[in-house]
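S.K.: There's a structure below that I have some questions on.
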């Protein structure tokens, strides 16, 4: 069961002024946000009168104008906007946006008050770490698949496990209700983790895990022989 939850905190005058200063050079601004910050996103739009804000609706799964999901960034597809102003936490939700657009993103974390400017350099940094993790995984002796019992948060990796076993890699699985990084770090005798739970774990939480970790979906093209991969 999924229950919608909205953050109840307010946008302080001080944070609003810092947002104004950040967007000062731009005229047309695309607004996006995760569901818990949509109220604050709309509050900022209503308080700043000298800018043109564009809030788009999703073509896929998101329910509200401006809302983005880890698997749905359609609200960020404003081709003639000058910049994207995002209201999220971490970079997971906007990583897909960064991969789709060459526009700079100003990301506001309402709870911490942190404002970051993000561009394609963030994507390149993540891709480098991802490729390193893939390389280690492909040459590993032992790997552990990290799975979740939460509905909708597990990627089917049966074919990936079988393919790795055929490569001579020892494959194990650990199942969590909630991912515990301390327990993962207790697995000393493995070379890498393969995440089949929420993809955010291998992006925002990557520094919490001492061993390399890669999302199963990112690893599959390098392991599974599909018609697309053979071309």
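The values are calculated or read from the model by the stated rules, or taken from the named source; none is laboratory data. Predicted model, so just to flag it, every value in this text is computed and none were measured. Cβ sites come from the backbone with ideal geometry, for glycine too, and all protein chains shown count toward neighbours.
S.K.: Taking the stated definitions as given, is residue 218 touching a residue at least 40 places away in the same chain (Cβ under 8 Å) and outside the structural domain of residue 69 (by TED's automatic domain parsing)? Before you say what the answer is, go through the steps one by one.
M.R.: Numbers: touching a residue at least 40 places away in the same chain (Cβ under 8 Å): yes; outside the structural domain of residue 69 (by TED's automatic domain parsing): yes.
When the stated conditions are applied, residue 218 passes them.
Listed here are the residues, each with its yes/no results for (1) surrounded by 13 or more Cβ atoms within 10 Å (Cβ to Cβ); (2) assigned by TED's automatic domain parsing to the domain that holds residue 68.
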| site | (1), (2) |
| --- | --- |
| 98 | yes, yes |
| 110 | yes, yes |
| 141 | no, no |
| 154 | yes, no |
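S.K.: Could you please let me know if residue 90 is touching a residue at least 24 places away in the same chain (Cβ under 8 Å), at positive phi and either assigned by TED's automatic domain parsing to the domain that holds residue 19 or touching a strand residue (DSSP E or B) at 6+ places or on another chain (Cβ under 9 Å) (or both)?
M.R.: Values: touching a residue at least 24 places away in the same chain (Cβ under 8 Å): yes; at positive phi: yes; either assigned by TED's automatic domain parsing to the domain that holds residue 19 or touching a strand residue (DSSP E or B) at 6+ places or on another chain (Cβ under 9 Å) (or both): yes.
Yes; evaluated as a whole, the condition is true for this residue.
S.K.: Let me ask you something else. Identify all residues within the range 54-72 that are over 16 Å from the mean Cα position of the chain (by Cα) and at pLDDT 90 or above; write none if there are none.
M.R.: If the condition is that a residue be over 16 Å from the mean Cα position of the chain (by Cα) and at pLDDT 90 or above, then 54, 55, 56, 64, 65, 66 are the ones that fit.
S.K.: How about the range 112-123: which of its residues are out of contact with any helix residue (DSSP H, G or I) (no Cβ under 8 Å at 6 or more places or on another chain) and surrounded by 11 or more Cβ atoms within 10 Å (Cβ to Cβ)?
M.R.: Pass one, the range 112-123, residues out of contact with any helix residue (DSSP H, G or I) (no Cβ under 8 Å at 6 or more places or on another chain): 112, 114, 116, 121.
Hits for the range 112-123 are 114, 116.
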